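Enquirer: One structure follows; several queries about it will come next.
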Number of protein chains: 2
Amino acid sequence: MQIIDGNKIAAEIKNEIAEAVTEIKNKGGKTPHLAAMLIGNDGASETYVGHKVKACEQVGFKSTLVRYDASITEKEVLDKVIEINNDPDIDGLIVQLPLPKHISEQKVLETINFKKDVDGFHPVNVGRMVLGLPSFIPATPFGIIELFRRYNIPTEGKNCVILGRSNIVGTPMNLLMSRKAYPGNCTVTICHSKTKNIEEICRNADIIIVAMGIAEYLKADMVKDGAVVIDVGITRVKSDKTKSGWKLLGDVKFDEVAPKCSYITPVPGGVGPMTIVSLLKNTLSSARNEIY
Amino acid sequence: MQIIDGNKIAAEIKNEIAEAVTEIKNKGGKTPHLAAMLIGNDGASETYVGHKVKACEQVGFKSTLVRYDASITEKEVLDKVIEINNDPDIDGLIVQLPLPKHISEQKVLETINFKKDVDGFHPVNVGRMVLGLPSFIPATPFGIIELFRRYNIPTEGKNCVILGRSNIVGTPMNLLMSRKAYPGNCTVTICHSKTKNIEEICRNADIIIVAMGIAEYLKADMVKDGAVVIDVGITRVKSDKTKSGWKLLGDVKFDEVAPKCSYITPVPGGVGPMTIVSLLKNTLSSARNEIY
């Protein structure tokens with residue numbers, strides 16, 4: 001059994017990106033530049049955006065944080081998005097979700113120029129991913145794909161079960177794992193709240209990707225020996241064993257599942273650290289005009 | 001066992017569309033208008049486009065057929081697409097594939113204004129379908145969905161197996177059957193050339209959608225009693241029992257599979273007739289501004 005070390009891989013990729021940035025700068029090129037918009041005062045959103053800005057600094061990117069009070073109008077947000085779309089110095093734009101209720105998330109996301117949509121949420125990027133064309137792939141699925149690659153985990157002809165059908169994890173993973181590529185070429189089964197016999201379906205899986213948001217849902221008796229388990233869940237629960245009074249749990253009952261696996265991602269330190277580096281990778285690709 | 005009568009349903013839908021067109025005209029509205037581009041002299045393409053133009057006439061649509069010799073340049077094609085994009089009288093544009101090799105299909109399809117892309121092949125429409133937003137759904141998947149609806153075939157919680165992962169049938173069916181909707185809410189397994197144990201996977205399916213293009217691939221011993229079987233395949237084979245010397249076969253060995261099914265589509269007369277009416281439905285939706 002091997003624990004997939006997301007922290008280690010993420011650090012490796014950050015180093016690779018930092019080297020690429022140094023090379024660009026040495027050649028007199030423009031520094032890759034990510035802009036992030038943060039609207040309102042949601043604590044979790046502030047933390048996430050803070051981590052993204054810090055990651056930009058670590059790899060030598062320029063970053064711009066655009067902050068607005070929750071009272072800003074939709075039109076002002078859309079105008080700012082258009083301004084950033086037209087700013088040739090900015091390679092990528094992300095808008096931290098959720099937005100205040102009076103602002104349409106869909107309208108904002110669709111206003112972002114898809115060539116700067118490094119979150120990969122714009123319909124053009126989603127559609128191009130489905131069609132097998134170059135596109136920005138959403139950060140979490142991109143991070144998972146990269147873990148398969150870096151650990152050389154075989155996927156062709158494997159039965160892959162995906163638990164959850166969200167637009168940001170389950171559905172893109174369905175598309176990516178079933179496409180004709182590596183990682184991919186799996187026989188993919190996608191399960192959700194209406195699925196019957198999830199236990200039995202999981203027991204037949206060579207690869208299980210769990211993205212349900214239910215702490216410790218996947219138990220040892222649902223996993224066959226030698227399976228690969230990727231845990232995308234993250235739930236904060238109270239704990240009297242930590243200083244903070246909280247601990248993080250994944251969707252997998254790690255202690256009992258891990259011994260049966262060939263590979264497994266822990267929570268924290270598995271998929272999570274890959275998410276931000278995927279965003280950085282997309283921004284670098286944009287700066288280099290590799291996608292569009 | 002019930003044979004799904006695609007001809008009957010297609011005729012019903014054509015009547016509904018014709019009534020809608022009459023109503024639009026009676027109210028002094030603009031007649032829905034489909035434009036089709038045909039490049040070169042491929043016999044099958046001529047037949048397909050001919051059927052589409054004829055179907056337009058049957059329901060009272062205006063149609064425009066733009067024909068070019070195979071020697072036309074890519075730029076001339078793109079210029080014509082842009083001209084049609086800008087023509088307010090035209091609601092839908094389809095470009096019959098395949099195109100001559102010197103013309104990029106992808107470039108042509110992406111140049112079509114997605115608001116007139118009634119074939120549903122543009123990345124924006126594909127992406128919006130994935131995201132659950134209103135979009136033009138490609139004709140064959142849309143036709144299959146409509147057959148489920150018209151026959152009130154239950155789908156929620158069913159195991160649905162899709163054989164084939166093409167961009168025009170298998171992959172959209174994967175997305176449509178797994179989404180939170182009716183038809184949909186299935187546990188979907190998508191199989192392809194790299195899948196192991198297809199037989200066993202099929203035997204566990206409540207619904208099988210076959211789109212492989214291999215004549216009579218699905219045999220009785222691969223289908224469980226009471227399954228729903230949708231046959232998208234169509235292969236022309238020589239026959240000494242027909243006047244023409246040819247007959248059409250689906251991907252299902254119909255005679256032996258049908259008795260085991262609760263519902264099954266025949267070939268011809270199942271999915272095929274639904275394809276053109278789906279194109280008409282999309283064109284009507286465009287004329288009514290129902291999607292965009």
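Enquirer: Go through the residues of the stretch B:175-185 one by one and say whether even a single one is of a type in the set (Phe, Trp, Tyr) and within 23 Å of A:GLY120 (Cα to Cα).
Expert: So far as the stretch B:175-185 goes, no, none of its residues is of a type in the set (Phe, Trp, Tyr) and within 23 Å of A:GLY120 (Cα to Cα).
Enquirer: Residues in the stretch B:224-239 that are within 20 Å of B:GLY269 (Cβ to Cβ) and in contact (Cβ under 8 Å) with a residue 12 or more places away in the chain: how many?
Expert: 11
Enquirer: Scan the stretch B:173-193 and give yes if some residue there is under 15 Å from the mean Cα position of the chain (by Cα) and farther than 20 Å from A:SER193 by Cβ, otherwise no.
Expert: Yes, that holds for at least one residue.
Enquirer: Within the stretch A:19-47, can you find the residues that are in contact (Cβ under 8 Å) with a residue 60 or more places away in the chain and either within 20 Å of the chain's Cα centre (by Cα) or crowded, with 16+ Cβ neighbours inside 10 Å (or both)?
Expert: If the condition is that a residue be in contact (Cβ under 8 Å) with a residue 60 or more places away in the chain and either within 20 Å of the chain's Cα centre (by Cα) or crowded, with 16+ Cβ neighbours inside 10 Å (or both), then A:ALA20, A:VAL21, A:ILE24, A:PRO32, A:HIS33, A:LEU34, A:ALA36, A:ILE39, A:GLY40 are the ones that fit.
Enquirer: Tell me which residues, restricted to the stretch A:72-110, are more than 23 Å from A:GLU46 (Cβ to Cβ) and surrounded by 14 or more Cβ atoms within 10 Å (Cβ to Cβ).
Expert: The answer is A:ASN85, A:ASP87, A:ASP91, A:GLU110.
Enquirer: Separate question: Might you check whether a residue that is outside any helix (DSSP H, G or I), in contact (Cβ under 8 Å) with a residue 12 or more places away in the chain and either of a type in the set (A, V, I, L, M, F, W, C) or within 14 Å of chain B (Cβ to nearest Cβ) (or both) occurs anywhere in the stretch A:72-90?
Expert: Within the stretch A:72-90, one or more residues are outside any helix (DSSP H, G or I), in contact (Cβ under 8 Å) with a residue 12 or more places away in the chain and either of a type in the set (A, V, I, L, M, F, W, C) or within 14 Å of chain B (Cβ to nearest Cβ) (or both).
Enquirer: Right, another one. Given the conditions (1) touching a Cys at 6+ places or on another chain (Cβ under 9 Å); (2) away from every other protein chain (no Cβ under 14 Å); (3) part of a loop (DSSP other than H, G, I, E, B), which single one is not true for A:VAL229?
Expert: (3)
Enquirer: Follow-up. Could you list all residues from the stretch A:252-291 that are in contact with a Ser or Thr (Cβ under 8 Å, 6 or more places away or on another chain) and assigned to a loop (DSSP other than H, G, I, E, B)?
Expert: Within the stretch A:252-291, A:VAL271, A:ILE291 qualify.
Enquirer: Looking only at the stretch A:53-71, which residues are farther than 19 Å from A:LYS30 by Cβ and surrounded by fewer than 13 Cβ atoms within 10 Å (Cβ to Cβ)?
Expert: A:LYS54, A:ASP69, A:SER71
Enquirer: What number goes with the only condition from (1) away from chain A (no Cβ under 11 Å); (2) of a type in the set (A, V, I, L, M); (3) in contact with a Pro (Cβ under 9 Å, 6 or more places away or on another chain) that B:ILE214 does not pass?
Expert: Of the numbered conditions (1) away from chain A (no Cβ under 11 Å); (2) of a type in the set (A, V, I, L, M); (3) in contact with a Pro (Cβ under 9 Å, 6 or more places away or on another chain), the odd one out for B:ILE214 is (3).
Enquirer: Here is a further query. Within the stretch B:91-107, which residues are assigned to a helix (DSSP H, G or I) and free of Cβ contacts under 8 Å to residues at least 24 places away in the same chain?
Expert: B:GLU105, B:GLN106
Enquirer: Given the conditions (1) surrounded by fewer than 16 Cβ atoms within 10 Å (Cβ to Cβ); (2) part of a loop (DSSP other than H, G, I, E, B), which single one is not true for A:GLY50?
Expert: Failing condition for A:GLY50: (2).
Enquirer: Another question, if that's okay. Being in contact with a Phe, Trp or Tyr (Cβ under 9 Å, 6 or more places away or on another chain) and of a type in the set (Asp, Glu) narrows it down to one of B:ASP231, B:ASP206, so name that one.
Expert: None of the other options fit; the residue is B:ASP231.
Enquirer: Is it the case that some residue within the stretch A:141-157 is over 15 Å from the mean Cα position of the chain (by Cα), closer than 20 Å to A:VAL228 by Cβ, at the interface with another protein chain (Cβ under 9 Å from one of its Cβ atoms) and in contact (Cβ under 8 Å) with a residue 24 or more places away in the chain?
Expert: yes
Enquirer: Do we have B:THR189 as part of a helix (DSSP H, G or I), in contact (Cβ under 8 Å) with a residue 12 or more places away in the chain and not hydrophobic (A, V, I, L, M, F, W, C) here?
Expert: no
Results for (1) farther than 17 Å from B:PHE254 by Cα; (2) surrounded by fewer than 17 Cβ atoms within 10 Å (Cβ to Cβ); (3) modelled with pLDDT under 95, shown as yes or no for each residue.
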{"residue": "B:MET173", "(1), (2), (3)": "yes, no, no"}
{"residue": "B:THR187", "(1), (2), (3)": "yes, no, no"}
{"residue": "B:ILE190", "(1), (2), (3)": "yes, no, no"}
{"residue": "B:SER193", "(1), (2), (3)": "yes, yes, no"}
{"residue": "B:LYS196", "(1), (2), (3)": "yes, yes, no"}
{"residue": "B:ARG203", "(1), (2), (3)": "no, yes, no"}
{"residue": "B:ILE209", "(1), (2), (3)": "no, no, no"}
{"residue": "B:TYR217", "(1), (2), (3)": "no, no, no"}
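Enquirer: If you don't mind, another one. Residue by residue through the stretch B:115-137, note down the ones that are without any contact (Cβ under 8 Å) to a residue 40 or more places away in the chain and crowded, with 24+ Cβ neighbours inside 10 Å.
Expert: B:ASP117, B:HIS122, B:PRO123, B:VAL124, B:ASN125, B:GLY127, B:ARG128
Enquirer: How about the stretch A:108-140: which of its residues are part of a helix (DSSP H, G or I), more than 17 Å from the chain's Cα centre (by Cα) and more than 8 Å from chain B (Cβ to nearest Cβ)?
Expert: Within the stretch A:108-140, A:VAL108, A:GLU110, A:THR111, A:PHE114, A:LYS115 meet the criteria.
The values are calculated or read from the model by the stated rules, or taken from the named source; none is laboratory data. As the structure is a prediction and not an experimental result, all values here were calculated from the model. With ideal geometry, Cβ positions are generated from the backbone for all residues, glycine too; neighbour counts draw on all protein chains shown.
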